[in-house]
Amino acid sequence: MAVTPTKQEYRLQNLSCASCAAKFEKNVKAIPEVQDAQVNFGASKITVIGNIDVNQIEEAGAFDGIKVSQSTVRTIEKSTPFYRKTENILAGISLLFVILGYVFGAMRSETEPLTIGMFIIAILVGGIGIFKTGFRNLARFEFDMKTLMTIAVIGAAIIGEWEEAAVVVFLFAVSEALEAYSMDKARQSIRQLMDIAPPTATIKRAHGEHFHEMELPTEEIEIGDILIVKPGQKIAMDGIVVSGLSAVNQAAITGESIPVSKTVDDEVFAGTLNEEGALEVRVTKRVEDTTIAKIIHLVEEAQAEKAPSQQFVDRFAKYYTPAIMIVALLVAVIPPLFIGDWQHWIYQGLAVLVVGCPCALVVSTPVAIVTAIGNAARQGVLIKGGIHLEQLGHIEAIAFDKTGTLTKGQPAVTDIFTSQEISEDYVLQLVAAVEKQSQHPLAKAILQSLHEKSLTELIPTDFQSVTGKGAYATVDGQTIYVGSLKWIATLTTVDEMIEEQVKKLQQQGKTVVAAVSNDQFIGMIGIADQLRPESKDVLNKLNGLKVKHKVMLTGDAEPTAQAIATSLNMTDVRASLLPAEKLMAIKDLRAQFGAVAMVGDGVNDAPALASANVGIAMGGAGTDAALETADIALMGDDLTKLPYTIGLSRKTLRIIKENIIFALALKLVALLLVIPGWLTLWIAIFADMGATLLVVFNSLRLIKSKKW
């Protein structure tokens, strides 16, 4: 009976370069039991479909010293100081012998056996790893940077350029060490995410009639366990508070800088910091399903998905490397046929091989994408792929849902009008007493206003609801009727001044609740969804980022939508839209502007979010739907992260373009030195190393991008 192939993810250590990752992937795919494999270079992971073990995968990566572990096992990577790494020690020893070679050459002669011996030792010590891989690749006709370097060094030795060969080997070792160091810095964004949640936690678990406390690895904690979180401890699992009161710093998940107060029945997330009080939390998700686990998984998947610019670079590099080898061969062979001096032109051809290495070009895009996505995750913005990061950089128009996006999504009391002989507070108390029995959002807004003013709650009796109209009850010895003005007008006389005031409130997008005591009109309350205080500032910042058009798409009535739009200085408002009509509006905007983003709540706006070039969901930390449906999730329900994210995407695009230009321009300048015959091996390696380090360090500028 055939065994069904399984899909497994493994974490990798010592994955040093993009070309090594490609070769490792090819080696794993060549294993007979493997159906498919994909290396995620940015996240240092490999996904394998097939029935193999860790040892077989490690064997496939032995050429680069790659170590493999199960993705579910939390491994603690020992950070080896830069100066203690074996390859860097060998590079240092190689430099010592290069210096000795120059010293002996100056004191005696460059052709002395002792001088040449110093350079040969430098070549062997510094290049041992290069040559092992290079010769193996030559035997298989595989041409990567180490193959080209091996050919160049052997060629230099054959024509007697020992000094140059030794310098090239040392510089290449330095280049590789710095590239590995730089990529490691870029990958720290994921490691920091993985280290947010503690690996163990103290839980309280029922044993018969008693509870026992125990410390367990998070993988062994079950749904329903009670998590004990002391002041100053990190919360290890997602759950609901069952006991205690505290302020919790959620910056690691949502990007919020201000701690959030948590009490019984509030939701808390793994990886957040309990600041001052003790909490008991009922676990609601297993460790692999927590919000932070989903964020880590999605960030890693985002880095595996190649952005359009990376796909272009990969295609370009595929043809670029063979082309450079042909150019190198032509430089070495054709000029000597006409002007002689074979040694000089063979040397020039070897230099062309070195300078033509595509390393800088290959890393120009992924390092920038990895760094930007990691930075965004730390700021509370989840970007689910390089393709979405790039597309956001091209956005010309943004559509906003109103409720919960530009507004808080929670109605609040804005106005109270009363008859002359009764106070506003008393009207609020009477209306709140009737509404106390209702679950309507408007009733909650009225009760919230009562509590904010610290007013006494009056006790209602004989409560009755009138479907579609309102409700009434006996409060403080009076029969109080509360409902729409249309219904209230059937119970008492409503003068023209009151009707005008109601129209005015409705034109401002407010809902009016009127009240009658016995048969006397006593007042009315205006209620409206509150504008987010940051909305206006966010729209102004989008103007600064040269977003050409902003539009509000809402299911609310025209007056409500226009009132919000007027306060935000938005001119394009489309109201009373059903979900299908929002979808059509997005299609119209795409036809008009090309690239369009949609910002919504990730649930009600799913069709529009899916149709937009980039769908951006608000409040990702609390809703699984937002994490699943949107291309980008603003985890802390924080609209101020929108300009930051667009600014980050545009800066990333700019840096990728700069990287490609740097990589090609430096190589072109070096290659032009072939024409007068000035190109040397050490200039070639400097050009290659310089281009690689330039694009890597240029990309790492994205680590510090925080505000726009």
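The values are calculated or read from the model by the stated rules, or taken from the named source; none is laboratory data. Computed from a predicted model, the values in this text were never measured in an experiment. No Cβ is skipped: glycine too gets one built from the backbone with ideal geometry, and neighbour counts run over all protein chains shown. These area figures cover heavy atoms from the full protein model, side chains too; ligands, DNA and RNA do not enter into them. Shrake-Rupley method; radii C 1.70, N 1.55, O 1.52, S 1.80 Å.
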Condition first: out of contact with any helix residue (DSSP H, G or I) (no Cβ under 6 Å at 6 or more places or on another chain) and over 18 Å from L350 (Cα atoms). Can you find one or more residues in the stretch 138-151 that meet it?
yes
G244, sole failed condition from (1) touching an Asp or Glu at 6+ places or on another chain (Cβ under 9 Å); (2) at negative phi:
(2)
Quick check: is even one residue across the stretch 416-426 in contact with a helix residue (DSSP H, G or I) (Cβ under 9 Å, 6 or more places away or on another chain), within 17 Å of Y481 (Cβ to Cβ) and of a type in the set (F, W, Y)?
yes
Does the stretch 683-691 contain at least one residue that is among the acidic types (D, E) and either open to solvent by 20 Å² or more (accessible area, probe 1.4 Å) or touching an Asp or Glu at 6+ places or on another chain (Cβ under 6 Å) (or both)?
no
Which residue, of V125, V103, V98, is surrounded by 20 or more Cβ atoms within 10 Å (Cβ to Cβ) and without any contact (Cβ under 8 Å) to a residue 40 or more places away in the chain?
V125
Which helices (runs of 4 or more DSSP H) sit wholly inside the stretch 347-461 and have at least 3 residues that are within 30 Å of I498 (Cα to Cα)?
424-435, 441-452
If we keep just the residues of the stretch 40-54 that are under 30 Å from the mean Cα position of the chain (by Cα) and open to solvent by 20 Å² or more (accessible area, probe 1.4 Å), which is modelled with the lowest pLDDT?
F41
Counting just the residues of the stretch 512-556 that are in a loop (DSSP other than H, G, I, E, B) and open to solvent by less than 10 Å² (accessible area, probe 1.4 Å), which one comes out modelled with the lowest pLDDT?
T554
If you check every pair at least six apart or on different chains, which have Cβ atoms under 9 Å apart with a residue in the stretch 494-519 that is farther than 18 Å from K469 by Cβ first and a residue that is small (G, A, S) and assigned to a helix (DSSP H, G or I) second?
Q507/A563; Q508/A563; G509/A561; G509/A563; K510/A563
Which of the residues belonging to the stretch 417-459 are open to solvent by less than 20 Å² (accessible area, probe 1.4 Å) and modelled with pLDDT of 90 or more?
V427, L428, L430, V431, A432, A433, V434, I446, S449, L450
From the list L382, L392, which residue is among the hydrophobic types (A, V, I, L, M, F, W, C), surrounded by 22 or more Cβ atoms within 10 Å (Cβ to Cβ), under 29 Å from the mean Cα position of the chain (by Cα) and over 28 Å from T566 (Cα atoms)?
L382
Just one listed residue, out of I123, I130, is in contact with a Lys or Arg (Cβ under 7 Å, 6 or more places away or on another chain) and of a type in the set (A, V, I, L, M), and it is I130
Subset of the stretch 93-113, residues touching a Gly at 6+ places or on another chain (Cβ under 9 Å) and assigned to a helix (DSSP H, G or I), comes to I93, S94, L95, F97, V98, G101, F104
Could we say that I57 is modelled with pLDDT of 75 or more, more than 23 Å from A177 (Cβ to Cβ) and under 30 Å from the mean Cα position of the chain (by Cα) here?
yes
